[in-house]
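Encoded as structure tokens, the structure appears first; notes follow it.
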Amino acid sequence: MLKKRNILVLLVCFSIFMVSIQNSTNNGSFLVKGAEITFQHNQIDTAGAWELTYGSKDIIVAVIDSGIDFNHSQLEGVSWNNSDEIADNGLDDDSNGYVDDTHGWDFVSNDNEPGPETSDPIHWHATFISGLIAGKLDGLGMVGVAPNVTVMDIRVLAATNYAGTTLEGFGDAIRYAVDNGADVINLSLHNYSNSSYYYDDIIYAISQNVVIVSITGNTWVSDGGGREYLSFPGGLNEVISVGATSYTQEIADYSNYGEWTEIVAPVGDEGTGIRSTAPGEEYFYGWGTSFAAPQVAAAIALMKSLNNSLTVSEIRDILHKSATDLGDPGHDIYTGYGLLNVSKAVRAVLDPSVLLPPDDSSYQFLSIIPILAVITIIVIKKRKS
Ligand SMILES: [Ca+2]
Ligand SMILES: [Ca+2]
Ligand SMILES: [Ca+2]
Ligand SMILES: [Ca+2]
């Protein structure tokens with residue numbers, strides 16, 4: 001009986017709304033170390049965070065997605081490697097349940113090569129996400145929010161970018177990430193029905209202090225009625241649900257929303273979007289909430305690079321309080337607590353006082369400035385006369 005239900009679930013799991021691609025140019029970019037810092041870095045103040053850290057190699061972001069092309073020059077040296085596993089000896093040397101898993105696992109084909117294979121092509125989605133997380137800061141191509149962290153490659157999506165595994169397989173993928181040292185898990189995928197098949201694995205991750213970041217999803221309905229739509233795992237209380245904003249910092253036309261929206265990150269408008277890495281040394285533009293979540297996951301990786309003893313709830317609290325409020329004051333259903341502010345979130349790890357509202361004395365100081373200016377003008381006038 002249970003088996004039959006599993007098969008039914010398999011047929012409906014993970015309808016991923018992604019993203020068309022086209023070339024475009026974005027305004028509002030500036031240069032850091034010769035690299036073009038595009039609009040999203042400008043809006044979330046990535047460069048401010050980099051004054052404290054580019055991330056630590058010890059911090060691992062698991063990208064549970066479509067498989068990553070680490071041969072891309074901007075992703076060189078980014079891949080997690082399982083140092084406890086000996087390659088190609090047919091043995092599970094580290095006894096983690098997976099044979100020869102030297103750099104992640106493919107839960108679609110059930111093999112040790114989550115990345116590109118001739119016989120089993122990957123979709124570009126995960127490579128694009130990995131660039132947004134950890135693309136190198138070398139003045140070429142593009143750069144991620146946390147250019148010095150490590151990315152773990154775990155594949156659950158088939159070459160079509162839709163479900164390639166069962167919901168239990170998805171749960172196993174989460175558990176693999178946790179058991180092999182992930183600090184943050186990025187889940188840029190969603191399903192319209194909740195499932196108990198992987199809920200215990202989500203709970204397990206949180207119990208091991210692993211933060212899970214997911215998406216509000218995209219329904220592409222522009223008339224307003226259909227976009228308030230709950231999907232999973234982003235809709236779970238335990239998971240950070242990230243929506244997307246336009247170039248002008250409004251909720252993007254394609255971004256789902258609701259009470260469960262926790263924070264938003266800039267992806268840009270439908271039809272132009274954001275730039276990142278793609279398989280075969282390519283750069284694509286894409287849009288969708290899939291590319292908002294990795295910016296938040298990378299921000300958390302920077303925070304953990306400074307202090308890896310922060311709890312999941314402490315990290316969420318900092319993200320809420322450091323976010324730039326958008327729309328109606330306070331948390332709202334469209335943009336949650338507001339736009340990701342990486343600089344402020346990272347600073348708050350070392351100095352929580354940056355999260356406090358400005359106190360009265362500083363307001364009084366500001367109000368003195370125009371009075372002083374008026375006095376100065378009067379003095380100058382008097383001297384002239
Ligand atoms: Ca193993
Ligand atoms: Ca082995
Ligand atoms: Ca494979
Ligand atoms: Ca608000």
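Against the list (1) more than 14 Å from residue 244 (Cβ to Cβ); (2) of a type outside the set (Val, Ile, Thr); (3) not in a loop (DSSP other than H, G, I, E, B), the condition residue 265 fails is (1).
The number of residues in segment 63-91 being assigned to a loop (DSSP other than H, G, I, E, B), away from ligand 3 (no atom under 14 Å from the Cβ) and closer than 13 Å to residue 154 by Cβ comes to 2. Among the residues of segment 114-125, is there at least one that is within 16 Å of ligand 3 (Cβ to nearest atom), in a loop (DSSP other than H, G, I, E, B), modelled with pLDDT of 95 or more and out of contact with any helix residue (DSSP H, G or I) (no Cβ under 6 Å at 6 or more places or on another chain)? Yes, there is a match, as at least one residue in segment 114-125 is within 16 Å of ligand 3 (Cβ to nearest atom), in a loop (DSSP other than H, G, I, E, B), modelled with pLDDT of 95 or more and out of contact with any helix residue (DSSP H, G or I) (no Cβ under 6 Å at 6 or more places or on another chain).
Only one of the numbered conditions (1) surrounded by fewer than 15 Cβ atoms within 10 Å (Cβ to Cβ); (2) among the small types (Gly, Ala, Ser); (3) within 14 Å of ligand 2 (Cβ to nearest atom) is violated by residue 104, and that is (1). Among the residues of segment 303-325, those that are farther than 12 Å from residue 262 by Cα and part of a loop (DSSP other than H, G, I, E, B) comprise 307, 308, 309, 310, 311. Sub-7 Å Cβ pairs linking a first residue in segment 93-112 that is modelled with pLDDT of 95 or more to a second residue that is of a type in the set (Val, Ile, Thr) and within 11 Å of ligand 1 (Cβ to nearest atom), at least 6 apart or interchain, are 93/86; 112/99; 112/102, ordered by first then second residue. Identify the residue in segment 137-164 that is polar (S, T, N, Q) and touching a residue at least 60 places away in the same chain (Cβ under 8 Å) and, among all such residues, is farthest from residue 187 (Cα to Cα). Within segment 137-164, the match that is farthest from residue 187 (Cα to Cα) is 148.
Scanning segment 71-82 for residues that are surrounded by fewer than 21 Cβ atoms within 10 Å (Cβ to Cβ) and under 17 Å from residue 143 (Cβ atoms) yields a total of 3. Residues that are at pLDDT below 90 and polar (S, T, N, Q) were ranked within segment 197-223; the one that is surrounded by the most Cβ atoms within 10 Å (Cβ to Cβ) is 218.
Here residue 94 clears all of (1) under 17 Å from residue 177 (Cβ atoms); (2) under 17 Å from the mean Cα position of the chain (by Cα); (3) in a loop (DSSP other than H, G, I, E, B) except the condition numbered (2). For segment 73-85, does any single residue satisfy the condition of being over 30 Å from residue 346 (Cβ atoms), in contact with a Gly (Cβ under 9 Å, 6 or more places away or on another chain), away from ligand 4 (no atom under 16 Å from the Cβ) and in contact (Cβ under 8 Å) with a residue 12 or more places away in the chain? No, segment 73-85 has no match at all.
The values are calculated or read from the model by the stated rules, or taken from the named source; none is laboratory data. The model shown is predicted, which means the values in this text are computed figures rather than measured ones. Positions of Cβ are generated from backbone atoms using ideal geometry, with glycine treated the same way; all protein chains shown enter the neighbour counts.
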